[in-house]
Amino acid sequence: MKLLTHNMLTSNIIKGVTKGFPLKIVPVQVEIKDVDYNPAFVVRTLSKVDWPALHQAAVETGFGDGLPETLGENFQQDEELLKKIHNALLQVEVIQGELVCPESGRKFPITNGIPNMLLQEHEVGQ
Amino acid sequence: MTESYSFYVTAGRGTEIFVEKEIREKLKITSVFKRDGKVFMEVSQEKLKVDQILALKSVERAFIAITDYDNQNFITDKRTFLDKLMNEIITTNNFSKALTVLKQFHLVLTRKKCPHQNEHATENIQPRQSNAESLNKSEKIISEGTDQCGRCMRKREGKAQDEPREIAYFPLEKRKKMESPQGTTSVDFTTAASIQKVSNNGFLNVQPSSETLCTGINPANLNEESRAVIENIKSLSTFRVSVKCSGKVKRWLDLKRLSKDIGWRVSKRTGWIVDLQSPELEVCVHISDANVTAGIPLTRFPLSKREYLVDSGLRAPIAWIMCHLANIKPGEIILDPMCGKATILVEACTEFQASYIGSDCDGDQLAAAIQNVDSLRLLMNNVSLVKSDGLDMPYRDSCVDIVMCDAPFNRNHKTSIAVDEFYFKFIHEIDRVLAPQGRCVLLTKQDLKDLVISIVNGNLSDDSKIRTCRVKAPVHLSVASINYIKLGETHASIIVLNKQ
């Protein structure tokens, strides 16, 4: 699971959970998978990303060094920063671990890089 | 005047318009016209780039044309029809022209398609003599192994250790079945006696169909001697005829006999030798009431068979057309909420630089999806998989730019709840996760098209079963286009929706 994917995931599919975002990551195995660096691509992708959630996910997986808590206006000119964001957003992959719902504490296992977001029938909301 | 070549490609019904567009855009040629299931193009010699034709993504197979004519005036009776057909074959100059092109681009053809050039090259070194003799030889190969080809074979054996042998043995019945899928017949030109002989033996020497076409060689991998042998064999081209027939003509014809007659004339015209087992060329003749088209395929594998799709669910050209309709822009986020084997996303990934998320609730499908995604490793790979329900998507609101999905047809892939209710929930979920100005490209069965449209327009009829869900707010989607296509025997539609 890339952190970009994590950035889109929520647990508000669970009955009673309203926001369910961002999910906490409990990593067991994390890998870096090379993806071509393209600054324009990173900037465009960032426009879809919730920055605080990405920052939190990067810190939880151990790749948060050098990422600011809030993204300034001129981050696009900061090549160093963009490379770090590229790494966190697209290259970091959580292979094994867990996602935890911030409200209910429900755990979603990650195996072989795939988070299992399936719910039991009684957990499903309307 | 410069010489020009005619090519044609086959395409699924309804997709010809996309094929035509792709050819015009990528090959920059203007003489393109489409007909039911085929798209024809005329390319001048200077502009001839076969690799561009082979890189087309929306087509099934590509052929260099031998003949193509309007059949309507010749189907009055069998005699007129056959006279015309045989006359076309015996008078055309296109066979040698086609062979020149194929030879010129041989390396181009095979380098890309086949990872086993060495093995295939050596396979072609089996001597081609008269039919009876070559059958004897193949028996010999069966019984004695691979002493036919000297050092080349040895080379091949070395490589073949870790792979199953390329020559497979099938009982005669099975082989016939293999070669004659629905109305297609590849006819055996060997005499009845020699067929008998082989079937007594119980086995025939046949390559598995998927392994067939690589007649090309990578010269870098061969020593001079074997290269000379191959050159020698190349000058004696071998072929077989495959006839596909539909419509009223079919009633008159014995396809086996017809293939044999055509084969005899092609042989007479060109000097090529018939070889049913591992021919270098295949002459495909397609007869319908409207047209007769003959051509030689550029590759033995259909172009729609992608190297990067180990296990594809949906046909790759259809997936490509869906990506094309989605108008993917760099950096966008694309979601397939019921991705199955991730065919659509993997196909998109090879052409558009974006981020892809696929989810499915079925672990087996996801396992196949992992295989497909992993086969992309060397290319730009940006596909992520999530195991989740397609109706309760675990994604936040307005987070993706495009949703693409081969939605359940409620036939092989049954919906868990009533199909009306399923699509109602599904469209509402898509509407929720799409960002403003987002697009959605859905493939669904033709019968379900109206259901999707009425859900989008919010005018479901009262007898619909989904009253319970009616309370939901109307969706912000509008129908941008509906594209009819045929998937085998199934009528289907690709529906494009835009979000405000």
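The values are calculated or read from the model by the stated rules, or taken from the named source; none is laboratory data. Worth saying up front: this structure is predicted, and the values here are computed from it rather than measured. Cβ atoms come from the backbone with ideal geometry, glycine included; neighbour counts cover every protein chain shown.
Structure notes:
- Pairs are defined by a Cβ separation below 9 Å, a sequence spacing of at least 6 or placement on different chains, a first member in the range B:292-311 that is closer than 16 Å to B:K57 by Cα and polar (S, T, N, Q), and a second member that is in a strand (DSSP E or B) and at pLDDT 85 or above; the pairs so defined are B:T299/B:R61; B:T299/B:A62; B:S304/B:R61.
- Among the residues of this structure, A:G66 counts as one that is out of contact with any Cys (no Cβ under 6 Å at 6 or more places or on another chain) and either away from every other protein chain (no Cβ under 14 Å) or of a type in the set (F, W, Y) (or both).
- Hey, B:R467 modelled with pLDDT under 90 and either over 24 Å from A:G125 (Cβ atoms) or of a type in the set (G, A, S) (or both) or not: no
- Considering the range B:313-339, and only residues there that are away from chain A (no Cβ under 14 Å) and in a loop (DSSP other than H, G, I, E, B), the residue that is surrounded by the most Cβ atoms within 10 Å (Cβ to Cβ) turns out to be B:R315.
- Residue pairs whose Cβ atoms lie under 8 Å apart, separated by 6 or more positions or on different chains, with the first residue in the range A:22-49 and over 24 Å from A:S11 (Cβ atoms) and in contact (Cβ under 8 Å) with a residue 40 or more places away in the chain and the second part of a loop (DSSP other than H, G, I, E, B) and among the hydrophobic types (A, V, I, L, M, F, W, C), are A:V35/B:M380.
- With respect to being of a type in the set (A, V, I, L, M, F, W, C) and more than 17 Å from the chain's Cα centre (by Cα), A:L71 falls outside the description.
- Scanning the range A:5-33 for residues that are among the small types (G, A, S), touching a Gly at 6+ places or on another chain (Cβ under 9 Å) and crowded, with 19+ Cβ neighbours inside 10 Å yields a single hit, A:S11.
- Options B:V346, B:V386: the member that is touching a strand residue (DSSP E or B) at 6+ places or on another chain (Cβ under 9 Å), assigned to a helix (DSSP H, G or I) and modelled with pLDDT of 90 or more: B:V346
- Strands (runs of 3 or more DSSP E) completely within the range B:1-105 that count 2 or more residues being in contact with a strand residue (DSSP E or B) (Cβ under 8 Å, 6 or more places away or on another chain), over 18 Å from B:A319 (Cα atoms) and touching a residue at least 40 places away in the same chain (Cβ under 8 Å): B:4-10, B:38-44, B:61-70
- Any hit, the range A:70-80, residues being among the β-branched types (V, I, T), within 14 Å of chain B (Cβ to nearest Cβ) and surrounded by fewer than 15 Cβ atoms within 10 Å (Cβ to Cβ): no
- Extreme residue, farthest from B:M322 (Cα to Cα), among residues of the range B:2-24 that are surrounded by fewer than 19 Cβ atoms within 10 Å (Cβ to Cβ) and in contact with a helix residue (DSSP H, G or I) (Cβ under 6 Å, 6 or more places away or on another chain): B:T2
- Reported count of residues in the range B:359-412, each being more than 9 Å from every other protein chain (Cβ to nearest Cβ), more than 23 Å from the chain's Cα centre (by Cα) and acidic (D, E), is 3.
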